[in-house]
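S.K.: Take a look at this one; I'll ask things after.
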Amino acid sequence: MAERAGGEQPGTGPPPAEQPVAQPAISVRGLRKSFGGKDAVAGIDLDIGRGSLAGLVGPNGAGKTTSLSMMTGLLRPDIGTVLINGISVWADPAAAKAVIGVVPAEVRLFERLSGQELLEYAGRLRGLPAGEARQRAAQLLDVLDLKDDAKRLVADYSTGMRKKAALGCALIHNPQVLFLDEPLEGVDPVSADVIRRLLKRFADSGSTVLFSSHVMELVEQVCDHVSIIAAGRIVATGTMDEVRGGKTLQQAFIDLVGTRGKGGEGLSWLGSSSS
Amino acid sequence: MARVLVQLKLRLLLGALRGSNAARVSFILSSTIALLVAIGTFAGLAALRHNGAAVDLTTVIYTLFALGWVILPLIAFGLDGTLDPATLALYPLRTRPLVIGLLAASATGAWPLANLIGELGIVVGLAHGALAVLIAVIAAVLQVLFCITLARLVTTALAGLMRSRRGRDLAVLAIIPIFALYEVFAQVLPKAIGNHELTAASFAEVDRWLRWLPPGLAAHAVQDASTGHAGTAVLRLLLAAAVTVVLGWLWARALSRALVTADASTQGTTIKGGSLPFGRRGGLTGTIAARSLVYQRRDPTSLAYLGLTVVIMIVVSIGALRGTHPVVGVLISAGVGGASVGLQRGDSFGVDGPAFYLDALALSGRRGLRSWFAGQNAAVAVIAVPLILVVPLVLAIITGHPVDGLLAMALGLAATGAGLGIADLFSSALPYPMERRAGSPLPRQAEGFAMQSLAGRFGALIATAILVIPVIVAIAETGSAADAVRVPALIAGGAVYGALLAWAGIALGAAIADGKLPELVQLAARSKL
């Protein structure tokens, strides 16, 4: 693996996940958003400590994307506050945006740029000098296993390649806090492993990661902190062990959120024993 | 199989009709146009009776129809679900029944029927005698079959390419020659006919070549039958039928290939270079300009708009150029060119689409937004301004008054500045998501935003026209005494005035966008490009 793209390393020492959250990297209070009278996010409170690799899990439509969009300044909340390292996202968006990186769920990028150009563009947007942006872009593409495709247009990339390119764009300015919405959706196992290792390394250096997912195994493997969101509310939050309570995360999640559907009753014709 | 596929086509149509009011309206509109085309073609062909060049003209008309059948499905690719073999690739189907089924599905619908009805006009226009009428009916049916088979062969052979990114890009660019051709038919030909520069006899030369293609064979078969050469008539029809069968066989081969192979032509394409321009003195403006400039070069939509701008600049001026005051034509060309550049950029956030989130994460405050608008404008201007200066100049040189082209430069520069400035204002004030729909090569406003888009376009055109009035007055004052000193001063004045207008637009656009950046991000995210 290549060296992590330069810049100062924010925060030092081991991740203070087990310590009381004195000055959280992400602090959310009373965040609420409704669309057409329906609450998408019905008032959430959340604290994520610095250096934490936190997961936000929930069923489809639980409000994960809406919450992350509001935390990153891309969607205006009806009410509520979001502090990133003490900076209010909605009172001082410029300062807050400078310290975050974002990978949205539906990754649609500037398709007519090549991978190399796209990352360089993202770096220059964030104020890096052109030479530095080019160098970091090349290093990130190398680490993300996109080196051979660096000169191909993003329009010709697969879903997994786009996710990796978007991750590169989000990391190039060395943010203190990284938000990812379903980062491994549609990503092949090899690329998923690359992304997982990169995120772990990033968090181990003292930076903070919050990502949403509905793949419990993944969250269980990599996260030290987990929050479960259902119907626009946080129903459980804490360290992985606290939330699991001795069960698997999958079981804890189903116990909290409840099951849906009939599990295939009525499909008597389905399966090899029928004809 | 034929029944299933015909039913599939009808069901797809009914499904689309149930889907939305817009689909219903467009279906009614399309059926009405088909009916008008049927009546018009029938009447047109029938009116050729007793015309000395009837068979030449019929040959040309039949050939044009065949050409239409080849071109239109390529643009409408994705509109008709039965056109793309990939949709059927998963089913266990043999090629032969599939070929017959798809042919039947193709022949179903308002447009094939309109073609048949219209082209039956030769029964009145060319046929004299009972045998000739019979031959004419067979010829018309054969012509429609030929058109459908040809269209199927071309779409199937190109289906892999059409599904690929490169194919879609080419389809977008195809709009430039099609638009130019349309303008030739709608504007140039009627005038040529009006001035007696184009007569029925002019087609005899074309007919000498076209008569050996199936549409020509069909038309000439009717002519032969009418003049008592029944044998040659039948031979011609047999030849046309044989060509159609060969095309059908080729199509069946292309189909069986298309069912099992995918296009990989874009997999290996890489770009040269690899670094964004304006690295040295970038800043935010330079960075945005660098990306926009790459888009101006690589995005087929931008290229298509530039091509259309040139076509429009030429077409709008033709009438005036041939009149007594050619300078008016040259000026119109420059003014319209500038305004249409503004129209291209009139919805900057929607055109950027969901990728705008990347910019939004780095933008803050009016200053950032000013840089964003300025960067985009600079990139557009770098490509568009030379065009807007050169096209009127060339037109002026052709008419023999090169100084008119220099005068038009002042107007072109002012109009481009005004257009870009107003585009920035409208981008912030009346933003709407864009959508690329099947059947429409250029992205359009998303459903439900038609009025907003229309208001924006008309507003921009009117505002540009008003803003350039001072320059037009200045040109009128100078025009009578154009000399070496006044013309450069006029051009410089136009450039400064245009730059001021563009700058004002940037400032106003940034002021309006500031404070509603999250809303603009959400709106841009709704664009489907």
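S.K.: Go through the range B:1-29 and report how many residues are surrounded by 14 or more Cβ atoms within 10 Å (Cβ to Cβ) and among the hydroxyl-bearing types (Ser, Thr, Tyr).
M.R.: The number of residues fulfilling the criteria is 1.
S.K.: Which number in (1) within 9 Å of chain B (Cβ to nearest Cβ); (2) hydrophobic (A, V, I, L, M, F, W, C); (3) over 21 Å from A:Ala203 (Cβ atoms); (4) in contact with a strand residue (DSSP E or B) (Cβ under 9 Å, 6 or more places away or on another chain) marks the one condition that A:Phe110 misses?
M.R.: Every condition holds for A:Phe110 apart from (4).
S.K.: Another question, then. Take the residues in the range B:375-390 that are buried (at least 23 other Cβ atoms within 10 Å of the Cβ) and either without any contact (Cβ under 8 Å) to a residue 40 or more places away in the chain or in contact with a Ser or Thr (Cβ under 6 Å, 6 or more places away or on another chain) (or both); name whichever of them is nearest to the other protein chains (Cβ to nearest Cβ).
M.R.: Taking the candidates together, the pick is B:Gly375.
S.K.: Hey, any hits in the range B:238-256 for a residue that's more than 30 Å from A:Leu128 (Cβ to Cβ), assigned to a loop (DSSP other than H, G, I, E, B) and modelled with pLDDT under 95?
M.R.: Checked the range B:238-256: no residue is more than 30 Å from A:Leu128 (Cβ to Cβ), assigned to a loop (DSSP other than H, G, I, E, B) and modelled with pLDDT under 95.
S.K.: Moving on. Is there any pair linking a residue in the range B:332-357 that is in contact (Cβ under 8 Å) with a residue 60 or more places away in the chain and under 18 Å from A:Leu125 (Cα atoms) to one that is of a type in the set (Asp, Glu) and in a helix (DSSP H, G or I), with Cβ under 9 Å and at least six apart or on different chains, and which?
M.R.: The qualifying pairs are B:Ser348/B:Asp424; B:Asp352/B:Asp359.
S.K.: Related question: Which one is nearest to A:Asn60 (Cα to Cα) among residues in the range A:242-275 that are at pLDDT 80 or above and basic (Lys, Arg)?
M.R.: A:Arg244
S.K.: Can you tell me which residue in the range A:16-38 is surrounded by the fewest Cβ atoms within 10 Å (Cβ to Cβ), limited to those that are of a type in the set (Val, Ile, Thr) and modelled with pLDDT of 85 or more?
M.R.: Taking the candidates together, the pick is A:Ile26.
S.K.: Of the residues A:Arg126, A:Arg112, only one is surrounded by 23 or more Cβ atoms within 10 Å (Cβ to Cβ) and in contact with a helix residue (DSSP H, G or I) (Cβ under 8 Å, 6 or more places away or on another chain); which?
M.R.: Values: A:Arg126 fails: surrounded by 23 or more Cβ atoms within 10 Å (Cβ to Cβ).
Selected residue: A:Arg112, the only one of A:Arg126, A:Arg112 that is surrounded by 23 or more Cβ atoms within 10 Å (Cβ to Cβ) and in contact with a helix residue (DSSP H, G or I) (Cβ under 8 Å, 6 or more places away or on another chain).
S.K.: Does the range B:407-430 contain at least one residue that is at positive phi and either small (Gly, Ala, Ser) or in the same structural domain as B:Gly515 (by TED's automatic domain parsing) (or both)?
M.R.: No: the range B:407-430 contains no residue that is at positive phi and either small (Gly, Ala, Ser) or in the same structural domain as B:Gly515 (by TED's automatic domain parsing) (or both).
S.K.: I'd like to check which helices (runs of 4 or more DSSP H) are fully inside the range B:129-201 and have at least 2 residues that are within 30 Å of B:Trp251 (Cα to Cα).
M.R.: B:130-163, B:165-173, B:175-183
S.K.: Select, from A:Val235, A:Val187, A:Val243, A:Val257, the only residue that is among the β-branched types (Val, Ile, Thr) and within 16 Å of the chain's Cα centre (by Cα). Show your work before the answer.
M.R.: On the way: A:Val235 fails: within 16 Å of the chain's Cα centre (by Cα); A:Val243 fails: within 16 Å of the chain's Cα centre (by Cα); A:Val257 fails: within 16 Å of the chain's Cα centre (by Cα).
The conditions single out A:Val187.
S.K.: Within the range B:83-105, is even one residue under 22 Å from the mean Cα position of the chain (by Cα) and either in the same structural domain as B:Val222 (by TED's automatic domain parsing) or assigned to a helix (DSSP H, G or I) (or both)?
M.R.: Looking through the range B:83-105, at least one residue is under 22 Å from the mean Cα position of the chain (by Cα) and either in the same structural domain as B:Val222 (by TED's automatic domain parsing) or assigned to a helix (DSSP H, G or I) (or both).
S.K.: Right, something else. Using the structure shown, decide if B:Ile332 is facing chain A (nearest Cβ under 10 Å) and in contact with a helix residue (DSSP H, G or I) (Cβ under 7 Å, 6 or more places away or on another chain). I'd like the intermediate steps shown before the answer.
M.R.: On the way: facing chain A (nearest Cβ under 10 Å): no; in contact with a helix residue (DSSP H, G or I) (Cβ under 7 Å, 6 or more places away or on another chain): yes.
Spelling it out, it is not the case that B:Ile332 is facing chain A (nearest Cβ under 10 Å) and in contact with a helix residue (DSSP H, G or I) (Cβ under 7 Å, 6 or more places away or on another chain).
S.K.: Scanning the range A:137-152 for residues that are buried (at least 18 other Cβ atoms within 10 Å of the Cβ) and within 21 Å of the chain's Cα centre (by Cα), which turns out farthest from the other protein chains (Cβ to nearest Cβ)?
M.R.: So the residue we want is A:Val143.
S.K.: Hey, which of the strands (runs of 3 or more DSSP E) in the range A:200-250, taking only ones fully inside, have at least 2 residues that are touching a helix residue (DSSP H, G or I) at 6+ places or on another chain (Cβ under 8 Å), more than 19 Å from A:Ala105 (Cα to Cα) and among the β-branched types (Val, Ile, Thr)? Lay out the reasoning, then the answer.
M.R.: Values: elements: A:208-213, A:225-230, A:233-239.
Fully inside the range A:200-250 and qualifying: A:233-239.
S.K.: Which members of the range B:346-360 meet the condition of being surrounded by fewer than 24 Cβ atoms within 10 Å (Cβ to Cβ) and more than 9 Å from every other protein chain (Cβ to nearest Cβ)?
M.R.: Of everything in the range B:346-360, just one residue is surrounded by fewer than 24 Cβ atoms within 10 Å (Cβ to Cβ) and more than 9 Å from every other protein chain (Cβ to nearest Cβ), namely B:Val351.
S.K.: While we're on this one: For the range A:59-69: of the residues being more than 9 Å from chain B (Cβ to nearest Cβ) and part of a helix (DSSP H, G or I), which is surrounded by the most Cβ atoms within 10 Å (Cβ to Cβ)?
M.R.: A:Ser67
S.K.: Could you list, ordered by first residue, the pairs with Cβ atoms under 6 Å in which the first is in the range A:117-129 and at the interface with chain B (Cβ under 7 Å from one of its Cβ atoms) and the second is buried (at least 24 other Cβ atoms within 10 Å of the Cβ) and hydroxyl-bearing (Ser, Thr, Tyr), at least 6 apart or interchain?
M.R.: Close Cβ pairs satisfying both conditions: A:Arg124/B:Thr287; A:Leu125/B:Thr287.
S.K.: Test B:Glu447 against the criterion of being in contact (Cβ under 8 Å) with a residue 60 or more places away in the chain and exposed (fewer than 14 other Cβ atoms within 10 Å of the Cβ), and give yes or no.
M.R.: So B:Glu447 fits the description; yes.
S.K.: Condition first: surrounded by fewer than 21 Cβ atoms within 10 Å (Cβ to Cβ), basic (Lys, Arg) and either outside any loop (DSSP other than H, G, I, E, B) or at the interface with chain A (Cβ under 8 Å from one of its Cβ atoms) (or both). Now tell me which residues in the range B:273-301 satisfy that.
M.R.: B:Arg280, B:Arg297, B:Arg298
S.K.: I'd like the full set of residues that are under 19 Å from B:Pro402 (Cβ atoms) and modelled with pLDDT of 85 or more, limited to the range B:469-486.
M.R.: B:Ile475, B:Ala476
S.K.: Restricted to the range B:302-325, and to residues that are of a type in the set (Val, Ile, Thr) and either in a helix (DSSP H, G or I) or in contact with a Lys or Arg (Cβ under 6 Å, 6 or more places away or on another chain) (or both), which residue is modelled with the lowest pLDDT?
M.R.: If we take residues in the range B:302-325 being of a type in the set (Val, Ile, Thr) and either in a helix (DSSP H, G or I) or in contact with a Lys or Arg (Cβ under 6 Å, 6 or more places away or on another chain) (or both), then B:Ile318 is modelled with the lowest pLDDT.
S.K.: Can you tell me which residue is farthest from the chain's Cα centre (by Cα) among those in the range B:397-429 that are more than 28 Å from B:Ala474 (Cα to Cα) and surrounded by 18 or more Cβ atoms within 10 Å (Cβ to Cβ)?
M.R.: B:Ser428
S.K.: Sticking with this structure for a sec: In the range A:71-95, what residues are assigned to a helix (DSSP H, G or I) and more than 9 Å from chain B (Cβ to nearest Cβ)?
M.R.: Selection gives A:Met71 alone.
S.K.: I'd like to check something: does the range B:214-224 contain any residue that is touching a Pro at 6+ places or on another chain (Cβ under 9 Å), assigned to a helix (DSSP H, G or I) and outside the structural domain of B:Ile314 (by TED's automatic domain parsing)?
M.R.: Looking through the range B:214-224, none of the residues is touching a Pro at 6+ places or on another chain (Cβ under 9 Å), assigned to a helix (DSSP H, G or I) and outside the structural domain of B:Ile314 (by TED's automatic domain parsing).
S.K.: Follow-up. Scan (1) more than 14 Å from every other protein chain (Cβ to nearest Cβ); (2) among the small types (Gly, Ala, Ser); (3) over 18 Å from B:Val390 (Cβ atoms); (4) touching a residue at least 60 places away in the same chain (Cβ under 8 Å) for the single condition B:Ser317 breaks and write down its number.
M.R.: Failed condition: (3).
S.K.: Looking at B:Gly459, B:Gly448, which one is small (Gly, Ala, Ser), within 33 Å of the chain's Cα centre (by Cα) and within 27 Å of B:Val385 (Cα to Cα)?
M.R.: Within the list B:Gly459, B:Gly448, the selection yields B:Gly459.
The values are calculated or read from the model by the stated rules, or taken from the named source; none is laboratory data. Because the structure is a prediction, the values reported are computed rather than measured. Here the Cβ is made from the backbone with ideal geometry for all residues, glycine too, and neighbour counts use every protein chain on show.
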